[in-house]
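Inspection log for the structure reproduced underneath, given as structure tokens.
The values are calculated or read from the model by the stated rules, or taken from the named source; none is laboratory data. Fair warning: this is a prediction, and the values are worked out from it, not measured in the lab. Please note: Cβ atoms are built from the backbone with ideal geometry, for glycine as well, and neighbour counts cover all protein chains shown. Ligands, DNA and RNA are stripped out before the accessible areas are found, and what is left, the full protein with its side chains, is counted by its heavy atoms. Shrake-Rupley method; radii C 1.70, N 1.55, O 1.52, S 1.80 Å.
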Amino acid sequence: MGFRGSTFSKPLSWHQGFLILQSCPIDVISGTKVWKRFPPRYVIMGFFLIVGIIALIAVAVAQNHHSTRNSKYGIVLDAGSSHTSLYIYEWPAEKENDTGVVQQVDVCDVEGPGISTYANAVKKAGYSLKHCMDKAKEKVPLEKHQETPVYLGATAGMRLLRLANEDAAKKVLSEVDMTLRSYPFNFQGARILSGEEEGAYGWITLNYLLGNFKQSVWPQFMPRLFFSTGTIGALDLGGASTQITFVPNQESIESPEDIVNFYLYGKNYTVYTHSFLCYGKDQALRLKLLQDSLQDPLTSRVQDPCFHQGYERTIDIADLQNKSCRPPGFTMSSYSLLQIEGTGDYEKCLASIDKIFNTSYCPYSSCSFNGISLPPVSGNFGAFSAFYYVMKFLNVTQAPMDKVIETVKIFCSKTWNEVKTEFPGIKEKYLSEYCFSGTYIISLLNQRYNFTKEKWQNIHFLGKIRNSDAGWTLGYMLNLTNMIPAEQPYTRPLSHATYISLMAISSILVISLFLIGYVTFCKPKCLKKEII
Ligand SMILES: Nc1ncnc2c1ncn2[C@@H]1O[C@H](COP(=O)(O)OP(=O)(O)O)[C@@H](O)[C@H]1O
Ligand SMILES: [Ca+2]
């Protein structure tokens with residue numbers, strides 16, 4: 001195809017046209033420079049083209065640079081039964097209602113035990129937090145201190161202390177309050193979370209970090225089939241309580257007290273959540289030991305299959321006795337000290353753990369234990385906190401249920417000396433209890449929650465998601481800062497950065513095409529001379 005009115009003897013392709021444009025400054029026939037003959041309008045056009053490109057790139061860079069710099073911060077202290085951790089979160093100020101933009105930027109582990117253990121030395125409860133709060137002061141930019149909210153949430157350790165001694169719990173909280181108030185942040189209060197809140201916020205954290213609340217604009221135009229909008233259940237194992245939270249398959253949850261309703265990003269969620277106080281792994285071990293102490297009223301020595309052979313521990317029975325956490329059918333022991341001797345036997349350990357659950361009655365169609373309703377577990381679950389620590393130690397976070405059982409069996413059968421030699425760097429308290437903890441997790445998940453072999457595959461043991469720890473703290477902050485809107489905010493199909501970049505590329509393309517078209521169709525004099 002030729003060009004009408006063309007002075008060329010043969011058709012010229014776009015490709016050729018582009019080559020000619022590039023070769024314009026040099027006279028290819030005579031080899032002499034043609035700069036002098038270059039009309040000023042081309043110089044001006046070239047100049048504007050270069051300025052335009054530079055301007056577009058500068059706008060894109062400045063725009064994106066600005067959005068990463070204007071950050072907001074939030075601090076949450078997780079005052080657990082065994083320890084306190086401080087989390088610092090950061091998010092871009094102008095995107096705070098978008099899903100998945102809040103990130104954990106730092107975590108600080110408070111030295112020493114949980115705040116509830118300071119009931120008899122309350123001053124220490126506040127003092128213990130200073131080191132991490134000082135670190136937070138360094139991490140959060142100075143100019144952001146005043147606007148940065150700080151929250152402290154206490155969990156099952158403080159719930160138990162409140163049940164045992166309300167006054168002591170109040171004093172611990174007020175000490176902690178005083179310390180946190182003395183920092184230049186925007187302190188929002190220290191309080192005890194209910195078990196339901198703990199479960200629900202853990203569920204929100206998981207699903208927020210996994211982007212499960214996100215309803216991108218694309219699915220509205222595509223069949224639902226291609227986009228799963230499901231949520232993932234949450235399993236949290238602490239020291240003093242454990243939580244299970246998920247959206248059940250069946251429409252109605254039989255126990256109204258276990259229902260939480262959320263309206264998030266324009267969607268309704270009816271969530272089942274239950275928190276079992278006294279069934280965190282430390283309290284569950286206490287329940288088991290108390291149960292064991294009743295075994296033989298004639299001796300204070302007990303053979304314990306949940307500890308390794310060769311392991312011995314002497315326990316003050318008074319320490320085990322927590323008025324709020326007692327095994328079914330408990331009677332006071334006549335001994336003050338309990339001497340434990342490990343025998344390391346998984347099957348027997350599983351049988352002894354069984355006794356801390358009451359499964360003799362269920363007023364609903366299905367129960368977990370102690371007469372608590374549990375709808376059939378369905379869908380995927382994220383299992384975090386001690387569920388993750390224990391499975392990670394045993395190296396079975398990805399394993400099928402049979403492999404997990406086999407691994408715990410083998411681990412329990414090792415002697416205490418073997419275990420200590422194999423894992424020299426691990427805290428003795430943790431190391432001595434992994435056999436119990438592993439068995440307890442199998443008992444709870446498989447036997448009480450009814451995660452069968454098939455359903456076990458749907459449990460994902462996880463510590464972090466995209467660098468943020470799985471736990472209730474992020475969900476708590478998102479809720480209190482109103483960062484999860486009820487209605488879905490208007491989301492643009494393209495991100496700001498993509499929009500700017502696409503605009504820049506398209507502008508360059510349009511200008512280039514314009515120039516090529518001009519050169520090809522209008523044939524400026526300088527080009528005609530070269531070809532002729
Ligand atoms: N590395 C670890 N290995 C085993 N267990 C751990 C590890 N780190 C923490 N834990 C345990 O995880 C649990 C955390 O519970 P915590 O959050 O303090 O209590 P709660 O949530 O019941 O208030 C405790 O039992 C603690 O001993
Ligand atoms: Ca916890």
Label points 7 Å out from Cα along the Cβ direction at residue 457 and residue 323: separation in nm? 5.0
By the scheme Lys and Arg +1, Asp and Glu -1, what is the net charge of all other residues having a beta-carbon under 15 Å from that of residue 195? -4
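Suppose R0 equals 30 Å; then what is the FRET efficiency for residue 124 and residue 428 from their Cβ-Cβ distance, rounded to the nearest 0.05? Let's see the in-between values first.
Numbers: r = 24 Å, r/R0 = 0.79.
Given R0 = 30 Å and the Cβ-Cβ separation, E is 0.80.
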Coordinate range along principal axes, alpha carbons of segment 75-178, Å, largest first: 46, 26, 20
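Once you list every other residue whose beta carbon is under 12 Å from the beta carbon of residue 286, what net charge do they have if Lys and Arg are +1 and Asp and Glu are -1? Don't jump to the answer; show the numbers that get you there.
Numbers: positive: 281, 288, 326; negative: 282, 292, 316, 319, 433.
It works out to a net charge of -2.
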Taking protein heavy atoms only, a 1.4 Å probe, and rounding to whole percent, the accessible area of segment 281-461 owed to carbon and sulfur comes out at 48
Viscosity 1.567 mPa s, temperature 4 °C: Stokes-Einstein D of segment 130-221 from its Kirkwood Cα radius, in µm² per second? 82
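Determine the dipole magnitude for segment 281-461: charges of +1 sit on the beta-carbon of Lys and Arg, -1 on that of Asp and Glu, nothing else is charged, the reference point is the Cα centre, and the result goes in debye to the nearest 20.
Once rounded to the nearest 20, the dipole reads 420 debye.
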When the label point is put 7 Å from the Cα of residue 366 along its Cα-to-beta-carbon vector, which residues of segment 385-415 have a backbone N closer than 17 Å? none
Looking at 309, 275, 328, which one has the Cα that reaches farthest to the positive end of the dipole of segment 267-336 (charges on Cβ: Lys, Arg +1; Asp, Glu -1)? 275
Between residue 93 and residue 170, what is 0.36 nm times their sequence separation minus the Cα-Cα distance? Round to one decimal in nm. 24.2 nm
Aspartates and glutamates whose Cα lies under 17 Å from that of residue 288, excluding same-chain neighbours fewer than 8 positions away: 296, 304, 312, 316, 319, 341, 345, 347, 354, 433
Taking the solvent-accessible surface of protein heavy atoms with a 1.4 Å probe, what is the per residue accessible area of segment 281-461 in Å²? 46
Rounded to the nearest 10 Å², the 1.4 Å probe accessible area of residue 506 is 50
Carbon and sulfur atoms: what percent of the 1.4 Å accessible area of segment 70-192 do they account for? 46
Mind giving me the nanometre distance, one decimal, between the label points for residue 142 and residue 499, set 7 Å out from Cα along Cα→Cβ? 3.5
For segment 109-209, what is the accessible area per residue in Å², given a 1.4 Å probe and the full set of protein chains? 45
Using the alpha-carbon centroid of each, what span in Å lies between segment 108-157 and segment 281-318? 34
Could you work out how far the C-alpha centroid of segment 332-349 sits from that of segment 410-429, in angstrom? 19
If you stretched the chain out fully between residue 51 and residue 259, how much longer would it get, using 0.36 nm times the residue separation minus the C-alpha to C-alpha distance? 68.8 nm
Run the 1.4 Å probe and let me know the accessible area of residue 362, rounded to the nearest 10 Å². 60
Gain upon complete extension [residue 406, residue 466; 0.36 nm per residue less C-alpha separation]: 18.5 nm
